[in-house]
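Engineer: Have a look at this one.
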Amino acid sequence: MDGYRIGEAARLIGVRVETLRAWERSGKLSTRRSPGGQRLIPEAEVARLLAERRIEKAPSLTSRRNAFEGVVTKVTRDKVSALVEIQAGPHRVVSLITREAADELGLAPGMEATATVKATSVMVEVPDR
């Protein structure tokens, strides 16, 4: 395939055709014309735009309940994973995530972050009596 027609590209990227035309005019998107004069969006351009949109900020309204807002105190990366420590008030929350996710989020000590906890089982411990 030589590229996507503008309607196909808009559907894949999740935007309107008008948005792609505006991006073309502003230089954010490069297109070319088919022999019949139709706009074609190169496959590499569609992939680039999808990757850029994937890391945009997610909506801030969610249904989560167990959210701990705090500060990242430590990030330990290896080849595949990252161990992230967040101090949220008196609570130290530790999460094991992929290195790719840690890099995409730009996690570093001192930045604000929210740990959202979802568990299928929770253990409860009480002091000896």
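Engineer: Limited to region 79-129, what total is found for residues that are over 20 Å from the mean Cα position of the chain (by Cα) and either among the acidic types (D, E) or under 22 Å from E52 (Cα atoms) (or both)?
Structural biologist: 2
Engineer: If a residue has to be surrounded by 15 or more Cβ atoms within 10 Å (Cβ to Cβ) and outside any helix (DSSP H, G or I) to count, how many in region 3-31 make the cut?
Structural biologist: Of the residues in region 3-31, 5 are surrounded by 15 or more Cβ atoms within 10 Å (Cβ to Cβ) and outside any helix (DSSP H, G or I).
Engineer: Report whether or not R64 is at pLDDT below 95 and either of a type in the set (A, V, I, L, M) or under 30 Å from Y4 (Cβ atoms) (or both).
Structural biologist: Considered against the rule, which asks whether it is at pLDDT below 95 and either of a type in the set (A, V, I, L, M) or under 30 Å from Y4 (Cβ atoms) (or both), R64 comes out as no.
Engineer: Quick one: how many residues across region 72-115 are part of a strand (DSSP E or B) and open to solvent by less than 80 Å² (accessible area, probe 1.4 Å)?
Structural biologist: Residues flagged as part of a strand (DSSP E or B) and open to solvent by less than 80 Å² (accessible area, probe 1.4 Å) within region 72-115 amount to 20.
The values are calculated or read from the model by the stated rules, or taken from the named source; none is laboratory data. No experiment lies behind these values; they were computed from the predicted model shown. Methodologically, a virtual Cβ is constructed for each residue, glycine included, from the backbone with ideal geometry; neighbour enumeration extends over all protein chains shown. Only protein heavy atoms, including side chains, enter the accessible area calculation; ligands, DNA and RNA are left aside. Shrake-Rupley method; radii C 1.70, N 1.55, O 1.52, S 1.80 Å.
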